[in-house]
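Here is the structure we will look at.
The values are calculated or read from the model by the stated rules, or taken from the named source; none is laboratory data. Small disclaimer: the values here were computed from a predicted structure and weren't measured. FYI the Cβ positions are ideal-geometry reconstructions off the backbone, even for glycines, and counts take in every protein chain you see. Each accessible area value is taken on the protein alone, full model and side chains, heavy atoms only, with ligands, DNA and RNA left out. Shrake-Rupley method; radii C 1.70, N 1.55, O 1.52, S 1.80 Å.
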Amino acid sequence: MAIRLTWLGHASWLIEAGSDRIILDPFLTGNPAAKCRPSDLGKVTHVLVSHAHHDHVADVHNFTASGEAMLIANFEITQWFERHHGVKRSVGMNTGGKVAIASGEILMTPAFHSSSFSDGSYGGCPGGFVLKASGKRIYFACDTGFFSDMAHYALGADLAVLPIGDLFTMGIDESIRAIRTIRPAKALPTHYGTWPPIEQDPHAWADKVRAESDAEPIVLKVGESISL
Ligand code: NI
Ligand code: MN
């Protein structure tokens with residue numbers, strides 16, 4: 001059983017593992033990089049959210065309000081969606097905690113960032129995730145700067161998905177530091193190219209990854225997938 005990741009643009013990913021179809025940080029509506037709408041994605045079992053910023057939660061209600069998909073996020077985010085969108089099926093968690101899913105488990109890691117809703121509400125601590133499923137381990141750093149404890153959570157992961165957009169998160173140089181620290185087999189860039197302030201050349205990033213680490217860089221276009 002393989003895991004398949006599809007880049008939906010910005011920091012949104014579709015993760016398919018066995019019977020699980022998980023969307024991470026759904027931001028399709030109003031996303032200039034997105035190539036599909038929420039209704040194009042078919043059945044979704046879980047929505048995983050790293051923090052409350054609009055570019056990570058814009059479409060959460062489109063998948064969770066009907067009760068179809070289970071929302072997994074920090075406690076403050078699940079409470080906010082319960083209050084504002086009547087979301088009933090949710091698991092509120094926090095840093096260091098794990099949640100079981102059919103194909104494996106998801107652990108919430110720290111992230112150095114901020115987390116507030118666009119109405120100013122507190123959005124809890126920002127996080128990243130380690131997904132263990134189908135015998136693979138994938139680290140989604142989500143929105144964060146570099147921190148050396150990434151190695152504690154993700155050392156030797158099969159894949160590290162790291163932001164490279166700079167300004168709001170790590171840029172290319174810091175992502176290389178992260179890769180040298182985590183030593184994943186493969187690395188994928190995310191959170192870039194959506195708007196001019198986070199424009200980056202992913203091929204320049206890939207050249208640097210090859211030159212300065214042992215990881216295999218993988219550059220996807222929006223809508224493309226990788227299977228592990
Ligand atoms: Ni953010
Ligand atoms: Mn963001």
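Heavy-atom accessible area of LYS43 with all protein chains present, probe 1.4 Å, nearest 10 Å²?
That residue has around 130 Å² of solvent-accessible surface.
Working with all protein chains in place, sort ASP25, ASP201 by solvent-accessible area computed with a 1.4 Å probe, largest first.
ASP201, ASP25
Could you tell me which trypsin sites (Lys or Arg not before Pro) in segment 179-228 are loop residues by DSSP with no more than 12 other beta carbons within 10 angstrom of their beta carbon?
LYS221
In segment 74-200, what percentage of the DSSP-assigned beta bridges are antiparallel, given to the nearest 5?
Approximately 65 percent, going by the DSSP bridge assignments.
Can you tell me which of ALA65, ALA52, ALA160 moves the most in a GNM of the chain? Springs connect C-alpha atoms under 10 Å apart.
ALA65
Between the alpha-carbon centers of segment 1-27 and segment 139-170, tell me the distance in whole angstrom.
Computed from Cα coordinates, the inter-centre distance equals 17 Å.
For segment 133-142, what does the Karplus curve 6.51 cos²θ - 1.76 cosθ + 1.60, with θ = phi - 60°, yield as ³J(HN,Hα) per residue in whole Hz, taken in order and with x for Gly and Pro?
With the stated coefficients, segment 133-142 comes to 7, 6, x, 10, 10, 10, 9, 9, 5, 6 Hz.
Please turn the phi angles of segment 151-161 into ³J(HN,Hα) values with the Karplus equation 6.51 cos²θ - 1.76 cosθ + 1.60 (θ = phi - 60°), one per residue in order, whole Hz, x for glycine and proline.
5, 4, 8, 10, 3, x, 4, 5, 8, 10, 9
Computing the accessible area with a 1.4 Å probe over protein heavy atoms, can you report the carbon and sulfur percentage for segment 17-77?
That share works out to 55 percent.
Using amide H atoms built in the peptide plane, which far-off residues or other-chain residues are under 5 Å from ARG21 H to H?
Amide H neighbours of ARG21, under 5 Å, 5+ apart: THR45, HIS46.
If you count the DSSP beta bridges with both ends in segment 112-184, what percent of them are antiparallel, to the nearest 5?
So the antiparallel bridges in segment 112-184 amount to around 65 percent.
Tell me the trypsin sites (Lys or Arg not before Pro) within segment 1-42 that lie in a loop according to DSSP and have at most 14 other beta-carbon atoms within 10 Å.
LYS35
In straight Cα distance, which lysines are under 29 Å from LYS98, not counting same-chain residues fewer than 8 positions off?
Counting by Cα, and skipping residues close in sequence, LYS98 has these lysines nearby: LYS43, LYS88, LYS132, LYS136, LYS186.
Report ³J(HN,Hα) in whole Hz for each residue of segment 218-228, in order, from the Karplus equation J = 6.51 cos²θ - 1.76 cosθ + 1.60 where θ = phi - 60°; Gly and Pro get x.
Per-residue couplings from phi come out as 10, 10, 10, 8, 4, x, 7, 10, 10, 10, 10 Hz.
Using only Cα atoms and rounding to the nearest 10 degrees, what angle (0 to 90) does helix 202-212 make with the longest principal axis of the chain?
With rounding to tens, the tilt is 50 degrees.
Near the amide H of LEU159, under 5 Å away, which other amide H atoms are found, from residues 5 or more places off or on another chain, if H is placed in the peptide plane?
So LEU159 has HN proximity to ARG137, TYR139, ALA185, LYS186.
Using just the helices of the chain, give the 222 nm mean residue ellipticity in deg cm²/dmol: DSSP H runs with n ≥ 4 each add -39,500 (n - 2.57), and the total is spread over all residues, rounded to 500.
The helix contribution divided over the chain gives -5500 deg cm²/dmol.
Out of all DSSP beta bridges in the chain, what portion is antiparallel? Express it as a percent rounded to 5.
So the antiparallel bridges amount to about 60 percent of the total.
Let me know the charge dipole size of the chain about its Cα centre in debye, to the nearest 20, where only the beta-carbon of Lys, Arg (+1) and Asp, Glu (-1) is charged.
Here the chain has a charge dipole of around 600 debye.
Count neighbours as other Cβ atoms within 10 Å of each site's Cβ, and list the GluC sites (Glu not before Pro) in segment 191-228 that are DSSP loop with at most 13 such neighbours.
GLU199, GLU224
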